[in-house]
Amino acid sequence: MTAELVRGQNHPLSQARLEIRIAAGTPVVAGATLGDEHGTVHGVEWVVHPGAPTLPGLEVSRQAAADHRLAVDLGAMPEAVHRVHVLLALPSAGGPVRFGAVASPFVAVTGLDGTELAGYTITGLDAESAVVALELYRRQGAWKVRAVGQGYAGGLTELLTDQGLPQAHQLANTIHEAVAQGLARAVTPPARTADGDRARQTATPAPGPEQGASATQGASGAVPPQPLSPYGTQPPGTPPQPTTPNGSPASGTSQPASSYGAQGAPAAGGPPTGPTQVPAVGSAAQPPAPTAGGPIDYSHPRRQNAAPPPPPPVAPPVQPGQPARPVAGDATGWSMDERLYNQVWGMFEDLARSTAAYRSAVDFADSRMEKELDAALADPRNRIGGQGDAAREAARAKYAQLVEQARAAYDRDLGQLTAESEVVEPALPLAYARWDNPVWHGYRVPFEAPMAVRMGDLHLPECPELRIPMLIRLPLERGLWIDSGAAESLDGSFLDSHELHGLAMDTAVALAARLLAVHPAGDYTLHVIDPAGSGAQALAPLVWTGVLAAPPAVGAGGVADVLARLTERVDLVQMAVRGGAADSLPPGLDTSEQLLIVNDFPHGFDDRAVTQLRYLADEGPSVGVHLMMVADREEASAYGPLLDPLWRSLMRLTPVPDDHLADPWVGHAWTYEPALVPPGSQVVHQVLNQVAEARTKYT
């Protein structure tokens with residue numbers, strides 16, 4: 001049965017070898033880009049187009065035509081490839097200049113026998129001259145297809161730039177020149193196999209750390225010679241170099257990876273990690289094939305500079321036709337923590353796009369019913385008798401059918417994500433786990449900081465029971481503002497201001513305790529400013545266990561003292577780093593990460609203190625000084641527009657569920673729930689006691 005997709009909707013693929021058939025009313029250029037799990041294209045060698053028509057697992061047409069058949073072998077895709085975007089563009093030499101002037105293109109995914117698996121008509125295009133038609137993406141070891149239909153008025157250059165390709169303009173010119181000059185027609189057509197199918201290249205194993213990009217590429221049939229890329233020395237058919245999770249070269253290359261990653265918050269950007277490509281575990285590294293005039297590799301063929309990471313867990317076998325069972329940690333990554341982090345953000349993105357597809361389908365059904373009702377009322381013959389009632393009933397029945405179909409597809413996706421959440425949540429490490437997770441009962445002070453920390457949970461109104469952990473990369477790139485102002489809860493009730501302020505302080509203490517617990521002993525220092533002492537009850541766990549650097553600062557004098565010391569630290573570290581003299585810092589300077597909790601702002605703050613606070617918010621994160629404000633914005637507005645930049649520079653969190661966060665893909669309003677400690681639980685006291693004990697031994 002063929003799945004007729006609408007924009008944003010996805011569909012599982014049951015076959016690995018496919019054809020993508022394109023029908024357009026005018027000659028179009030077809031191509032594809034290979035992306036990592038976030039859709040980033042890392043170089044021109046990740047793009048297949050008429051000038052370079054073949055890559056492992058993918059082959060496109062060498063010329064512009066009204067009909068195309070793209071050959072795809074998902075089983076032959078390199079491990080670093082998680083997304084394949086199918087592109088269409090209008091040729092630059094003559095013909096229409098925008099898709100709005102031609103018939104809507106139709107794209108179908110079929111099996112090798114021609115059976116159509118999914119179809120998508122790209123509608124709504126106007127001034128666009130290039131469009132991302134489909135996306136094939138890898139999820140839990142299986143592949144799916146998603147209807148995209150994202151158009152670009154700037155053509156191929158804008159499209160490739162949007163996918164992160166730095167040489168987008170040059171490559172777009174190369175593609176149009178290849179089509180205009182007929183370069184591809186000068187290449188001998190590929191040989192055909194016995195069954196009449198196109199010869200396709202087999203998957204190339206990821207090169208080891210000492211192999212580089214010189215590893216040869218196997219093929220199952222005759223492979224046409226690959227022209228050298230005009231932007232580098234790698235031919236288009238060569239797989240990319242192995243990379244670390246943040247996109248930098250893997251071990252054995254000349255560029256070290258940065259210790260600082262991008263922050264992955266819904267309000268600040270999407271998931272931050274990049275592709276990971278590693279050699280098969282247990283396989284011997286083969287020496288690279290000698291090339292004429294190339295450098296000689298004297299490295300031992302069986303010696304590696306770094307051990308590859310363990311293989312990801314394998315899903316248990318299932319009955320034919322049943323979806324694959326989810327497995328915790330089956331995403332890419334060099335460690336289990338990184339795999340779970342990537343898997344959580346994959347769940348977040350899948351839920352966002354599945355919900356967008358469902359909402360789009362409901363909107364389409366609603367608009368279609370309105371049009372049909374308007375058409376029925378516009379006919380005078382339907383205004384009397386039973387014809388009008390019958391037309392209205394038919395329109396409503398069609399609307400109900402479309403909504404039911406959309407909900408069925410949405411429920412199918414929710415079922416898969418719920419099953420995945422049920423296996424991922426219990427497997428999360430300390431930094432990602434809720435406070436009620438049993439993993440906290442076996443807490444031990446870690447020897448290294450994690451890559452991220454859990455700030456709470458996120459969910460959407462269509463599926464409130466499905467909670468996605470909100471993971472933020474470490475070290476923090478933005479401070480936090482925990483809003484203690486009056487707010488209306490999601491159930492319509494108003495909370496008492498005193499009660500809300502207490503919940504805000506509980507949220508701040510829970511987050512601070514988590515940050516202390518996930519860092520090694522002595523690597524995180526906590527300061528508290530409580531001018532009026534109103535947070536004494538909530539701060540008691542931090543004070544009694546002795547994890548604070550000093551007792552909470554009270555009064556205007558205490559505020560001035562803490563801010564002066566932290567401001568001086570930021571100045572000294574900045575000057576040392578800029579001057580290249582990091583070893584010349586004063587001997588008594590605390591070089592650990594610093595977190596400042598500010599309660600009851602602006603009580604006890606004068607103009608100088610406010611200026612220092614803004615300075616810490618702007619300059620502190622770059623040198624390890626972080627800010628956590630617990631304040632009511634309405635009360636802070638007494639300082640006028642002076643504090644608006646401070647408010648905008650911090651990430652706003654709430655002590656009660658609130659839908660104020662938006663994702664960067666489709667702009668959903670996500671409901672945030674803080675990661676609070678269960679009532680009556682002593683887990684925070686137990687954890688902080690171990691932190692204080694380890695700190696005493698460390699110092």
Checklist line | Candidates L430, L414 - the one that is within 30 Å of V453 (Cα to Cα), surrounded by 13 or more Cβ atoms within 10 Å (Cβ to Cβ), among the hydrophobic types (A, V, I, L, M, F, W, C) and touching a Pro at 6+ places or on another chain (Cβ under 8 Å) | finding: L430
Notebook entry, point to check: Is it true that some residue in region 373-383 is in a helix (DSSP H, G or I), of a type in the set (D, E, K, R) and surrounded by 15 or more Cβ atoms within 10 Å (Cβ to Cβ)?
Noted result: no
Check: Looking at region 103-145, which of its residues are open to solvent by less than 10 Å² (accessible area, probe 1.4 Å) and charged (D, E, K, R)?
Finding: E135
Note to self: Contact list please: Cβ distance under 9 Å, first residue in region 6-18 and farther than 14 Å from R138 by Cβ and assigned to a loop (DSSP other than H, G, I, E, B), second residue at pLDDT below 85 and open to solvent by less than 60 Å² (accessible area, probe 1.4 Å), pairs at least six apart or on different chains.
What the structure shows: Q9/A3
Notebook entry, point to check: Are any residues in region 574-598 open to solvent by less than 20 Å² (accessible area, probe 1.4 Å) and in contact with a Leu (Cβ under 8 Å, 6 or more places away or on another chain), and if so, which ones?
Noted result: A576, Q594, L595, L596, I597, V598
Margin query: I need the full set of residues from region 35-51 which are open to solvent by less than 10 Å² (accessible area, probe 1.4 Å) and in a strand (DSSP E or B), in order please.
Written below: G35, V47, V48
Note to self: Given the condition within 25 Å of R21 (Cβ to Cβ), open to solvent by 80 Å² or more (accessible area, probe 1.4 Å), among the small types (G, A, S) and modelled with pLDDT under 90, answer yes or no: does some residue in region 176-192 qualify?
What the structure shows: no
Next item on the list: Can you work out which of the residues in region 384-411 that are among the hydrophobic types (A, V, I, L, M, F, W, C) and at pLDDT 90 or above is surrounded by the fewest Cβ atoms within 10 Å (Cβ to Cβ)?
Entry: A408
Item checked: Breaking point among (1) over 19 Å from H527 (Cβ atoms); (2) of a type in the set (G, A, S); (3) touching a residue at least 24 places away in the same chain (Cβ under 8 Å), for A564 -> (1)
Note to self: For the condition within 17 Å of V528 (Cα to Cα), outside any loop (DSSP other than H, G, I, E, B) and modelled with pLDDT under 90, what is the one hit in D590, D600?
What the structure shows: D600
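Residue by residue, here is whether (1) in contact (Cβ under 8 Å) with a residue 12 or more places away in the chain; (2) surrounded by fewer than 23 Cβ atoms within 10 Å (Cβ to Cβ); (3) of a type in the set (D, E); (4) closer than 25 Å to Q140 by Cα holds:
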residue: P53; (1), (2), (3), (4): yes, no, no, no
residue: V60; (1), (2), (3), (4): yes, no, no, no
residue: Q63; (1), (2), (3), (4): yes, yes, no, no
residue: A66; (1), (2), (3), (4): yes, yes, no, no
residue: A76; (1), (2), (3), (4): yes, yes, no, yes
residue: A80; (1), (2), (3), (4): yes, no, no, yes
Item checked: Output for region 123-175, where each listed residue is hydrophobic (A, V, I, L, M, F, W, C) and part of a loop (DSSP other than H, G, I, E, B) -> L125, A127, A153, L165
Next item on the list: Among residues belonging to region 498-509 that are in contact (Cβ under 8 Å) with a residue 24 or more places away in the chain and out of contact with any strand residue (DSSP E or B) (no Cβ under 7 Å at 6 or more places or on another chain), point out the one that is most open to solvent (accessible area, probe 1.4 Å).
Entry: D506
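The values are calculated or read from the model by the stated rules, or taken from the named source; none is laboratory data. Just so you know, these numbers come straight off a predicted model, no measurement behind them. Glycine gets a Cβ as well: all are built from the backbone with ideal geometry, and neighbour counts include every protein chain shown. Just the protein is used for accessible areas: all its heavy atoms, side chains included, with ligands, DNA and RNA removed. Shrake-Rupley method; radii C 1.70, N 1.55, O 1.52, S 1.80 Å.
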